[in-house]
Every structure is written in C-alpha cells, then in structure tokens.
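Structure first, commentary second.
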Amino acid sequence: MNSAILSIEALPEMANATTTTRDSRWESVLARDSASDGKFVFAVSSTGIYCRPSCPSKRPRRENVSFFRRPQEAESAGFRECLRCRPKVIAGNPRQQMVKAICRYIEQHLDEPHTLAKLGAEFGQSPFHLQRTFKAALGITPKEYANSCRIRGFRQKLKSGHSVTRAMHEAGYSSTSRLYSRTASELGMEPSNYRRGAIAAPIRYTCADSPLGRMLIAATEKGICSIQFADSDEELELCLRQEFPFAVRRHDDADLADLAQRVVLRLRGSEPAASIPLDIRATAFQRRVWSYLQSLAFGDTRSYSDVAKAIRQPSAVRAVARACATNPVAIAIPCHRILRSNGDLGGYRWGLKRKGTLLQIEAAKAGGD
Ligand SMILES: [Zn+2]
C-alpha cells in the first residue's frame with residue numbers, strides 16, 4: 001500500500017465535499033450510524049481498510065480518514081474491504097440499510113417528484129445501480145414504492161372522509177391528472193368511485209330544451225361535470241342523484257343558462273369545444289379514449305376498433321365501448337361518433353334514437369359546409 005498515492009487518489013473526493021458534508025460524515029462514523037450505511041464508506045490510511053459507517057471496530061484518528069461514496073471508489077484508491085463490517089456484502093446489512101434509508105427518504109419526500117438521478121445523487125449510487133439494488137430487495141422500483149406510499153396515504157385519507165382533492169394534496173400528489181393516471185389501476189377503480197361518488201363539492205344544475213329532448217347540465221365551480229338527456233326533468237334529476245349521490249345539488253337556471261346554450265350550439269356544430277369547460281373524473285384509460293374522441297372532427301365517425309387501434313391498444317375494443325358507455329358528458333365528449341365496424345349504431349348511453357339524430361345533424365351540417 002502506497003500512502004502517497006492514496007492521498008492523491010483521495011483528493012478529488014475530499015475537494016468536492018463541503019466542510020459540512022465531511023463533518024457530518026465523520027459524525028456519522030463516530031456515532032456508528034447505521035442509517036448512513038450505503039451512503040458512503042470511510043477509508044483509513046493507516047490500515048488501508050475501508051468500512052461502512054456502522055462498523056463496530058475501533059474509531060480511527062480523523063486525520064487518517066477519507067470518505068468515498070462507493071466501495072468501488074475506495075478500492076480503486078487502493079483500500080481493502082473490512083472483513084468485519086463487509087461494506088460490499090450484497091445480501092447483508094449494508095444494502096438492506098441503504099434500501100431502508102431510501103424508503104425512509106422517499107416517505108419523507110412524497111410531495112416531490114422522484115427521479116432516479118436525484119435518488120442516486122442522494123445515496124451516492126449510479127441511478128442504475130440504485131434501482132437494481134432497490135428492486136432486488138423489495139421487488140419494486142423506487143418510483144413504484146413512492147406510488148404505493150401515496151396510494152396508502154390516499155386511501156386512508158379517503159376512508160377518513162377527506163375530499164378527493166384534499167386527500168390528494170395531503171398524500172403528496174401535485175395534480176389531479178397524475179393522481180388519476182397513477183391510481184386507477186392500483187385502486188382498481190377511480191378515486192371518485194372509491195368513495196362511491198362521495199365528492200361533496202356543490203353541484204349546480206339546470207334543465208333545458210335541446211334537439212334531443214330535455215337536457216341536463218350540471219357543473220362544479222371548475223366546469224361541467226354532467227351532460228345528460230332524458231324525456232323529463234324528473235328523470236334527469238334522478239340520473240344526477242345517482243351519479244353524485246352525496247354532492248350538494250342545487251337547481252340554478254340563471255347562472256347555467258349560458259353554458260346550456262353553448263352545449264346546444266356545440267351539438268349543432270357552431271361552438272368550439274374549448275368554450276365548454278369540463279370537470280370530470282377519468283381513469284387513465286378513459287382519459288385516453290375520451291381525449292381521442294374529442295380530437296374527432298364534427299361529422300366524423302370511427303368504429304370501436306378504430307379507437308382501440310388509435311390509442312394503441314388494439315385488443316381493448318370492449319374496454320373502448322365501456323369507456324364510451326360511461327361518458328359523463330354527452331356532446332362535450334362526442335362518444336356518439338363511434339359506431340360498430342359494420343356501420344351499425346352500436347350503443348348510446350342516452351338511447352340509440354338520440355344517437356341517430358345526432359349523427360343526422362352532424363352529417364347534414366358537415367355535408368352543407
Ligand atoms: Zn469495518
């Protein structure tokens with residue numbers, strides 16, 4: 001062992017480290033802090049051996065100690081692994097400690113987006129190596145672990161009666177769309193269903209005439225959450241009650257007249273979709289189907305299997321049909337433009353007669369343009 005070479009090799013690491021980091025590392029070594037295992041190793045120039053912070057051996061003198069982020073770095077600087085604490089042992093404590101430390105870190109930083117690069121930097125590992133170690137220990141990636149922590153917190157919050165939005169923020173989700181895209185498969189259903197429509201947001205609604213009979217429009221503060229058709233207002237109100245059983249529902253013709261008017265104009269093809277704000281819940285899959293439907297031009301039609309192909313899940317034809325059948329906002333999401341491959345109308349949540357009328361209106365308008 002050549003100590004002159006050692007000190008040169010150790011220099012870059014020491015030069016890069018701030019005083020605080022060096023000192024906190026040294027404090028961890030003095031404390032034999034097992035939580036620091038896996039974050040760095042310390043090497044002792046007088047013995048030529050490197051250890052993990054929790055090594056039970058006698059503490060060396062500070063001036064003989066240098067720090068390395070990884071065992072490999074200590075070894076390329078000429079140090080040998082300590083046989084007592086085995087900083088490199090794969091199945092042993094150090095890795096488990098590191099994985100535990102990563103878990104702890106993730107749990108404490110749930111409200112921040114996790115990247116492997118960031119975790120890698122935090123734990124002195126290459127992103128690839130960190131992910132592999134983590135997955136070998138727990139069977140899931142750090143990202144999946146973060147998601148499962150959020151879901152767990154989220155589920156508890158929902159059960160204790162929080163609104164979806166509040167539970168979402170408290171469980172560390174930064175936006176609704178992220179929540180829905182990530183939890184749909186894991187909860188087995190979308191969050192609003194999980195609470196059986198228990199969102200307590202006040203909903204205002206109005207009933208108005210339309211070319212398809214009576215139409216109901218319901219809206220939260222953010223946008224329209226329901227557009228439905230029926231023969232009578234009683235029927236419409238029943239539908240709304242079934243869809244939002246726990247919401248405070250208030251009849252409000254005056255405020256919603258303008259929105260209702262815009263939906264009727266949209267139905268006739270003379271109002272841009274963008275002028276109709278929506279506030280709807282969707283699973284990741286529904287979201288993809290519904291966005292695709294919204295991209296279709298007025299008067300255009302597709303088959304269920306066209307849609308499945310377009311969203312790159314060609315075998316999901318039945319799921320596409322289900323997504324169409326559960327569309328909460330007629331017209332705004334034009335599920336009426338989806339037909340069977342043989343040209344049959346297929347299904348429509350508000351009745352085939354209305355679907356036929358809509359398609360006629362669109363065809364006439366598109367043909368006349
Ligand atoms: Zn040791």
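The values are calculated or read from the model by the stated rules, or taken from the named source; none is laboratory data. Every value quoted in this text rests on a predicted model; they were computed, and no experiment measured them. Note: ideal-geometry Cβ built from the backbone for every residue, glycine included; neighbour counts use all protein chains shown. Side chains included, ligands, DNA and RNA excluded: accessible areas come from the protein's heavy atoms. Shrake-Rupley method; radii C 1.70, N 1.55, O 1.52, S 1.80 Å.
Some observations on this one:
- When residues of segment 238-260 are limited to those that are open to solvent by 40 Å² or more (accessible area, probe 1.4 Å) and small (Gly, Ala, Ser), the one farthest from Ala274 (Cα to Cα): Ala254
- The listed residues are Leu259, Leu240, Leu267, Leu236, and the only one of them that is in contact with a Cys (Cβ under 7 Å, 6 or more places away or on another chain) and modelled with pLDDT of 80 or more turns out to be Leu236.
This table checks each residue for (1) under 15 Å from Ala282 (Cα atoms); (2) hydrophobic (A, V, I, L, M, F, W, C).
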| site | (1), (2) |
| --- | --- |
| Ala319 | yes, yes |
| Arg322 | yes, no |
| Ala325 | yes, yes |
| Arg337 | no, no |
| Gly343 | no, no |
| Gly351 | no, no |
| Ala364 | no, yes |
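- Residue pairs meeting the criteria (Cβ under 6 Å; at least 6 apart or on separate chains; first within 17 Å of Asp23 (Cα to Cα), in segment 43-69; second basic (Lys, Arg) and outside any strand (DSSP E or B)): Ser54/Arg32; Phe67/Arg25
- Filter result (buried (at least 17 other Cβ atoms within 10 Å of the Cβ) and more than 10 Å from the ligand (Cβ to nearest atom)) within segment 35-50: Ser36, Asp37, Gly38, Lys39, Phe40, Ala43, Ser45
- Helices (runs of 4 or more DSSP H) contained in segment 301-369 and holding at least 3 residues closer than 17 Å to Ala273 by Cβ and open to solvent by 30 Å² or more (accessible area, probe 1.4 Å): 352-368
- Counting the residues of segment 289-300 that are touching a residue at least 24 places away in the same chain (Cβ under 8 Å) and in a helix (DSSP H, G or I) gives 4.
- Any chance Pro53 is crowded, with 18+ Cβ neighbours inside 10 Å, within 11 Å of the ligand (Cβ to nearest atom) and of a type outside the set (A, V, I, L, M): yes
- Condition broken by Trp26, with the remaining ones in (1) modelled with pLDDT of 90 or more; (2) surrounded by fewer than 21 Cβ atoms within 10 Å (Cβ to Cβ); (3) in a loop (DSSP other than H, G, I, E, B) satisfied: (3)
- Test: Arg80 is within 14 Å of the ligand (Cβ to nearest atom), modelled with pLDDT of 90 or more and surrounded by fewer than 19 Cβ atoms within 10 Å (Cβ to Cβ): yes
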